[in-house]
Amino acid sequence: MPAKSSGPCRTGAVSKMAEISVFQTGSTLVSPAVPDRSSRKAAIAYTGLFQDRKKRISVPVKAFLVEGSGHRILIDTGWSAACAVHPLRHLGFGLWFASEPVMSAGESVVQQLKQRHLQPSDLDAILLTHLDCDHVSGLLPLKDAARIYTTREELAAASAKNVRYNPRFWKGIDFSFYEMKPDERAPFKRSCDLFGDGSVVAYFTPSHSAGSVAVEVNDGGRFALFPVDKGYNRRSWEELRLPGPIYRPENMTRALAWVRAESRRENCAGVYAAHDPEIQPGQYKI
């Protein structure tokens, strides 16, 4: 897909006050070590190997539509509609075993956009926080978005025959890359001001994966933070509990401490993690 230039939203009115729509695209059955690695002793316990599948826990899988400041962006894509039909065939055995999808018809992002009379081409950008299956499984049906962003570091890691990733989920996608610049306020000293107006900022956070990002949306002096998998729920960052799949433990601790500090700022309108059961599907204002 040839990359298109970003610009103002093309279809439908965009609220002057930024609005967040939380799309739940089903859930995933995982080892308890996925949200909290301290719950199991083995370093690879998050894969679910040698564990009773009946003791798995269900965590939601979410994507986020943000509309405001003349932009319409999607943060991650969640599960594909194919996961409601034949998840094993869609994911392949390894990914299915580690992160079994549970999904009903109509829960994919592309289907939820249609319910709002929106098409993928109405999106100014899709911001991928990383390339794990539960965040990009639904990408290909959304390929007509103006731009689709990832980091060079994440794409390199995902292209290195890593069992964690399935490049089929982005086959044929012409990615745009976050152009990271020095930023002393950023947790890892690099960030990308996506539209050049401070409304959407992607922070480089190599913690959950080698090239993952967190996204901040600013509006009227307030902001919403999307750490996505830098913590699975509020307990993660409040207690600095490391999740199972991580790139570097010390980086994850640093990222979680940053999320905690940001969440305590007076002008923080909310923290939206992709697997947090406290964040219910619906619409929220910043």
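Laboratory data are not the source of any read-out in this text; all were calculated from the coordinates shown. Predicted, not measured: the structure shown is a model, and the values here were computed from it. All Cβ positions, glycine included, derive from the backbone under ideal geometry; neighbour counts span all protein chains shown.
Sorted largest first, the spans of the alpha carbon positions of the chain along the three principal axes are 50, 40, 34 Å.
For segment 51-103, the average shadow cast by the Cα convex hull is 4.7 nm², which is a quarter of the hull's surface.
How would segment 48-146 be classified by its alpha-carbon gyration tensor: rounded, prolate or oblate, with rounded meaning a/c under 1.5 and the a/b versus b/c comparison settling the rest?
Verdict is prolate for segment 48-146.
If both residues of a DSSP beta bridge must be in the chain, then about 75% of such bridges are antiparallel.
Compute the distance from the alpha-carbon center of segment 161-181 to that of segment 32-70, in whole Å. Here the answer is 21 Å between Cα centres. Think of the chain as having a plus end and a minus end, set by charges on the Cβ of Lys, Arg, Asp and Glu; of T253, L123, Y284, T253 sits farthest toward the positive end of this dipole. Listed by chain and number, the lysines whose alpha-carbon sits under 24 Å from that of K189, ignoring those within fewer than 8 places in the same chain, are K181, K230.
Computed from backbone phi with θ = phi - 60° and the Karplus coefficients 6.51, -1.76 and 1.60, the 3J(HN,Hα) list for segment 48-63 is x, 4, 6, 10, 5, 5, 5, 9, 5, 10, 9, 10, x, 10, 10, 10 Hz; x is used for glycine and proline.
Within the straight-line cut-off of under 17 Å between alpha carbons, the lysines reachable from K143 are K4, K114, K171, sequence neighbours fewer than 8 places apart in one chain being disregarded.
Each of H117 and S39 was given a label point 7 Å from its Cα along the Cα-to-Cβ line. The distance between the two points is 4.3 nm. Taking one quarter of the surface of the convex hull spanned by the alpha-carbon atoms of segment 184-286 gives a direction-averaged projected area of 6.5 nm². Computed over segment 171-231, the percent of Cα pairs more than 18 Å apart is 36. Measuring nothing but alpha carbons in segment 106-262 and taking Rh as the Kirkwood radius, the Rg to Rh ratio lands at 0.96. Here the chain is treated with +1 on each Lys and Arg Cβ and -1 on each Asp and Glu Cβ, and its dipole about the Cα centre works out to around 660 debye.
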